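Notes follow the structure.
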Amino acid sequence: MGTLHIHTEKLTTIHYVWLALIFITLCFTFLRYFNTHLSRASLLIIIVLLGSILLLATRYFNTSTMSFTLTFMHCQFHSHYGGWMTTWHNIAHIDHATLGSQGWHSSLPWIGIRLKSYDHFIQTICPRVASRILLEQRILLVMALKHSDSPNYQLEDILFDDSPFITQNGEQLLGLQAMLANRMRYNRELLGFDFFIADDVLDRPINDFIGLLRRYKAAAA
């Protein structure tokens, strides 16, 4: 399969709804306040001007950004603070993340990724991205422990565990790298995946994106 660059927009449907409500509120306020002071032509000009400003602001803040690059060899994530990369051959499983409790599973707005080996992923990930994964994805670990029937850990012991981690190649990881590796280990035990991709960086519905990733992975086999 050929190289595919995934671009996502910053504003979602919810943002557009709020922008529309703000525009309607501003127009209603101007009409009520200036209705007796300005002519209809002046009011129309003001409304058009407000709409133009809102449209320009929307276009400025909604500049699309590249979030993923998919090639026949690897999957790479991009952001303004760095990224991560893994080959398709190193991915063991891709699926919709779920939270299980008493035999019931509820879907989460995240894609789960389970790797065959942590070594290359952790050694090449941008430190700022590693930090954001630890912070932004901690809610998943919190929910997993909260809904666990018989939790084996205390949250404060595993949330930012920086104890030395030994990789499959026998290398000892310390500091931020060890913290990320330990988090991935706990994620796998409690949620079945090593790390996750949030649905707000996708350009399509989460199940469609999972299907896309699986097709690239199958083509690389």
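Give me the Debye-computed log₁₀ of I(q)/I(0) at q = 0.18 Å⁻¹ for the stretch 119-165, equal point scatterers on Cα only, no solvent, two decimals.
After summing over all Cα pairs, the log10 values are -0.67.
Search the structure for amide H atoms under 5 Å from the amide H of L115, placed 1.01 Å from N in the peptide plane, and list their residues when 5 or more places away or on another chain.
A92, D194
Using 7 Å Cα-to-Cβ label points, what is the Y81/A221 separation (nm, one decimal)?
Label-label distance for Y81 and A221, simple model: 3.6 nm.
So, R0 is 30 Å and r is the distance between the beta-carbons of K146 and H93; what FRET efficiency does that work out to, to 0.05? Display every interim value, and only then the final one.
Numbers: r = 24 Å, r/R0 = 0.80.
It comes to 0.80.
When only C-alpha pairs under 8 Å and at least 6 residues apart count, what is the relative contact order of the stretch 89-206, in percent? Display every interim value, and only then the final one.
Values: 171 pairs, mean separation 37.7, N = 118.
That works out to 32 percent.
Points 7 angstrom from Cα along the Cβ direction at D203 and I166: gap in nanometres?
The answer from the label model is 4.4 nm.
Using only alpha carbon positions, build the gyration tensor of the stretch 106-221, then give the equivalent ellipsoid semi-axes as the square roots of 5 times its eigenvalues, largest first, whole angstrom.
23, 19, 13
Using the reciprocal of the averaged 1/r over all distinct C-alpha pairs, how large is the Kirkwood radius of the stretch 157-206 in Å? Please list the in-between numbers first.
Values: mean 1/r = 0.0822 Å⁻¹.
Roughly 12.2 Å, rounded to one decimal.
Give me the net charge of I210's neighbourhood, meaning all other residues with Cβ under 12 Å from the Cβ of I210; Lys, Arg count +1, Asp, Glu -1.
Numbers: positive: R204, R214, R215, K217; negative: D95, D199, D208.
Summing Lys and Arg as +1 and Asp and Glu as -1 gives +1.
Values in this text are rule-based calculations from the coordinates and carry no lab data. What you see is a predicted model, and the numbers here were worked out from it, not measured in a lab. Glycine also receives a Cβ, built like all others from the backbone with ideal geometry; neighbour counts cover every protein chain displayed.
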